[in-house]
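Values quoted throughout were computed directly from the atomic coordinates according to the rules given, and no laboratory measurement underlies them. None of these values were measured; they are calculated from a predicted model. All Cβ positions, even for glycine, are placed from backbone atoms using ideal geometry, and neighbour counts span all protein chains on display.
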Amino acid sequence: MRRTVVATGLALLLLAAGCGESHAPAAPAGAGAPTASRQDPAQAERTLASLRKVDDLPLYEMTYVGDYDPTAGVAGATPPSPFGCSLFAALADRDRPLFARNFDWEPNPALVLRTDPPDGYASISLVDISYLGVAADPAGDRRLLDAPLLPFDGMNERGLAVGLAADDGARAEPVPGRPTVGSVRILRLVLDAAATVDEALAVFARYNLDFDGGPPLHYLLADATGASAVVEFVDGKLTVDRRRGPWQALTNVPAVGVADPDLRRDHRYGVLAKELDRTGGVLDAPGALRLLDAVRQPHTRWSVTYGLRSGEVRLVTAGGGTRDYRLPMS
């Protein structure tokens, strides 16, 4: 039924300058004490000691030492979710598949987080740490030990990447018997447990998603084999759109079951689609960042590319910094 009003929804979205109405971040309940950490005291201190500021966004880096519980408090309230605005996967070059995204939101501090849980895949992800209740000067703040719970995009050591974007028409009806997890937390569960798009979709299917406290979302997934998919909630039900060409993109308009000409009426989606068509779905990191710059908005906080086979990550922030990382791939 939602698809019958797509044209109207697209027209309204085209009038919006940003990704949606602003929601101020709020700390999770009980944010004064960590809830996810399974670390011993020495591991917790090593984690906090690894924190360093690397640009004026402000952007920080931290390496999480030891284990955490990715399901801690899954039945509790979810912090307001962000609007992630422009994402794409360029997958035609099987040796260099790439995932890219702009994150467009409030001027909050961000964190590049490395995790390597003993029972999950190592990953690198980006976190808006204001959602932990952490201020712009977070040194020594033990709430950072909950940072693994809130990745807004990321990639794991198997080359599985995931990111989110607002989809105001989405509605997730709970399925009896499934645990409920926050709409951002699901990214952590995917990064820790899924090596492929198929495995990621299986993770989504095991949980009910809670959109309370923030905008409803949809998600783009891609992996090192060149597979990708969009996950949306249509008429309350999880629905998947697997790619049918050399690329797949996502902005803030519904994508599943929508005709390509209608999708391209959204300005940012149209820009992405035109360039990805021109290149045949082949882009390296510099080319992907140029394309992200073409759909940049005044409130874009970061642009990032993930090399799904190389493990290379390139991050450009609104603070003016460019950072390169490499995740060892398995």
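The table below lists the values:
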| read-out | value |
| --- | --- |
| Candidates Gly177, Gly154, Gly140, ranked by Gaussian network fluctuation over the chain, Cα under 10 Å, top entry | Gly177 |
| Shape call, segment 291-330: gyration tensor on alpha carbons, a/c limit 1.5 | prolate |
| In degrees, nearest ten, helix 267-279 long axis to first principal axis of the chain (Cα) | 80 |
| Answer label, with Cα extents along the principal axes in Å calculated from the coordinates and candidates [x] 62, 42, 38; [y] 55, 43, 35; [z] 131, 45, 36 | [y] |
| Segment Lys274-Arg178, length gained on full extension (0.36 nm per residue, minus Cα span) | 30.5 nm |
| Segment 150-204: trypsin sites (Lys or Arg not before Pro) in DSSP coil with no more than 15 other Cβ atoms inside 10 Å | Arg171 |
| Shape category assigned to segment 84-159 from the gyration tensor of Cα positions, a/c cut at 1.5 | oblate |
| Distance from segment 156-188 to segment 242-287 (C-alpha centre basis), Å | 21 |
| Loop trypsin sites (Lys or Arg not before Pro), segment 195-243, which have at most 16 other Cβ atoms in a 10 Å radius of their Cβ (DSSP) | Arg206 |
| Calculated [θ] (222 nm, deg cm²/dmol) that DSSP helices of n ≥ 4 give over the chain, each run adding -39,500 (n - 2.57) | -5500 deg cm²/dmol |
| Point-to-point label distance, Ala259-Asp284, nm (Cα→Cβ direction, 7 Å offset) | 3.9 |
| Packing rank of 143-149, 292-298, where each peptide gets the mean count of other beta carbons within 10 Å, highest leading | 143-149, 292-298 |
| Charge dipole (debye, nearest 20) of the chain; +1 at Cβ of Lys and Arg, -1 at Cβ of Asp and Glu | 540 |
| Projected label distance in nm at Arg323 and Lys53, using a 7 Å step from Cα toward the beta-carbon | 1.3 |
| Extension reserve of the Asp40-Thr71 stretch, reckoned as 0.36 nm per residue once the Cα distance is removed | 9.3 nm |
| Arg114-Arg206 pseudo-label distance in nm [points 7 Å out on the Cα-to-Cβ vector] | 2.7 |
| Magnitude of the charge dipole, segment 182-330, Cβ model with Lys/Arg +1 and Asp/Glu -1, debye to 20 | 360 |
| Mean separation of Cα contacts under 8 Å (6+ apart) over length of the chain, as relative contact order % | 22 |
| Helix axis angle, 6-15 relative to the chain longest principal axis, alpha carbon, degrees | 70 |
| Charge tally in the Cβ shell below 14 Å around Gly280, where Lys, Arg are +1 and Asp, Glu are -1, Gly280 excluded | +1 |
